[in-house]
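For reference, the structure discussed in these notes is given below.
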Amino acid sequence: MAIEITARSLADPQRADMASREAIQPRELSGLPEKSAPLSRFLRRSLRWTRRNFSSRAKLLSGGEVLILSAPKSGRTWIRTFLCAYLCKRHGLEFTLQPGRYDHPGFPRVIFSHDRFEHRTKGNRWDRLRGKYLVPRRELRRAKIILLVREPRDCFVSLYLQMTRRDPGAEAALKQKSVSALLRDKRFGIRGIVRAMNDWLDEFSGRKDFTIVRYEALRASPAEHFRDLLAVVGETTLDMSIFQEALEFSRFENMQKLEAAGVFDSKILHPGDVRDPESFKVRRGKVGGYREYLSDEDLRYAADALRKLDPQFSYNA
């Protein structure tokens with residue numbers, strides 16, 4: 001069953017008296033229906049056929065117990081920081097944003113990927129033919145799948161700022177585009193984000209080990225929903241003191257300070273220009289902030305694009 005981590009409180013009258021360790025179980029919360037609308041036989045066959053990776057990069061996307069898929073700028077760095085802070089402390093290991101370096105008993109292997117979105121936007125024709133950025137089909141069969149989603153308009157604006165202000169590898173022609181032009185771009189525009197989200201839902205919504213995590217719910221109530229996320233990952237007995245430390249460590253304000261200071265062991269969290277707040281990986285995280293960047297005409301275009309998004313995501317205009 002596809003389940004959604006919603007903003008509903010998980011609190012109970014005994015929460016204040018919790019011991020330092022608390023057992024929790026993954027729960028089926030209100031959200032998506034048990035199964036999405038039936039797919040055509042042709043579409044399912046097409047999704048299966050395109051799900052292959054013949055490149056050497058397939059190894060990096062293999063071996064995961066949990067796969068977290070998302071369009072870019074959906075909040076995965078925030079989730080990665082929290083999970084790494086909790087798990088590394090829990091197992092007495094040095095903090096890292098690259099948990100794959102640890103082969104430690106009980107340390108779950110979590111793989112992050114932009115999967116289909118990256119497959120359509122990154123690399124050349126040979127890369128796409130080999131499926132270089134796709135998680136191999138066999139890996140999807142053996143792992144739990146978490147789909148991290150965010151309001152596509154917020155997602156797009158954040159992606160636009162990353163491409164034009166912090167990503168040195170972005171194509172020169174794309175870096176010169178206005179927000180209006182990139183919004184309409186066939187690969188990186190909002191319709192590409194909508195297409196990727198719909199395809200993931202079509203591919204996985206019938207699975208019982210498929211979870212949807214909404215960025216907006218995490219922002220509204222991070223403590224409640226990070227507890228649920230840990231349960232999905234397999235951490236059903238929490239050390240609450242470590243949990244609180246991880247929450248504090250992964251607060252946006254703290255992550256921004258750490259990014260500016262360059263203390264992380266990964267290029268994932270390094271600003272393009274420390275003098276430009278818009279070039280930071282951890283930028284604002286504001287829900288609904290897209291209105292500050294898009295014109296009235298852009299907003300109408302984006303609203304029209306969202307009409308194609310599966311209504312089960314609840315982001316339609």
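The values are calculated or read from the model by the stated rules, or taken from the named source; none is laboratory data. Predicted model only: the values in this text are computed from it and were never measured. Quick reminder, even Gly has a Cβ in these numbers, built from the backbone with ideal geometry, and neighbours come from all protein chains shown. Calculation scope for accessible area: heavy atoms of the full protein, side chains included, ligands and nucleic acids excluded. Shrake-Rupley method; radii C 1.70, N 1.55, O 1.52, S 1.80 Å.
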Arg166 - would you say it is open to solvent by 30 Å² or more (accessible area, probe 1.4 Å) and at pLDDT below 95? yes
Here are some residues: Val157, Val179. Which one is open to solvent by 10 Å² or more (accessible area, probe 1.4 Å) and either within 16 Å of Thr121 (Cβ to Cβ) or touching a residue at least 24 places away in the same chain (Cβ under 8 Å) (or both)? Val179
Any chance Arg227 is assigned to a helix (DSSP H, G or I) and open to solvent by less than 30 Å² (accessible area, probe 1.4 Å): yes
Considering only residues that are within 20 Å of Ile193 (Cβ to Cβ) and in a loop (DSSP other than H, G, I, E, B), which ones fall in the stretch 49-90? Arg51, Ala71, Pro72, Lys73, Ser74, Gly75
Condition first: among the small types (Gly, Ala, Ser), at pLDDT below 95 and open to solvent by 20 Å² or more (accessible area, probe 1.4 Å). Can you find one or more residues in the stretch 208-219 that meet it? no
Residue check: is Arg125 loosely packed, with under 15 Cβ neighbours inside 10 Å and either without any contact (Cβ under 8 Å) to a residue 60 or more places away in the chain or closer than 22 Å to Ser205 by Cβ (or both)? yes
Go through (1) surrounded by fewer than 19 Cβ atoms within 10 Å (Cβ to Cβ); (2) outside any loop (DSSP other than H, G, I, E, B) for His104 and report which single condition fails. (2)
For Arg142, only one of the following conditions fails: (1) closer than 21 Å to Leu69 by Cβ; (2) crowded, with 19+ Cβ neighbours inside 10 Å. What is its number? (2)
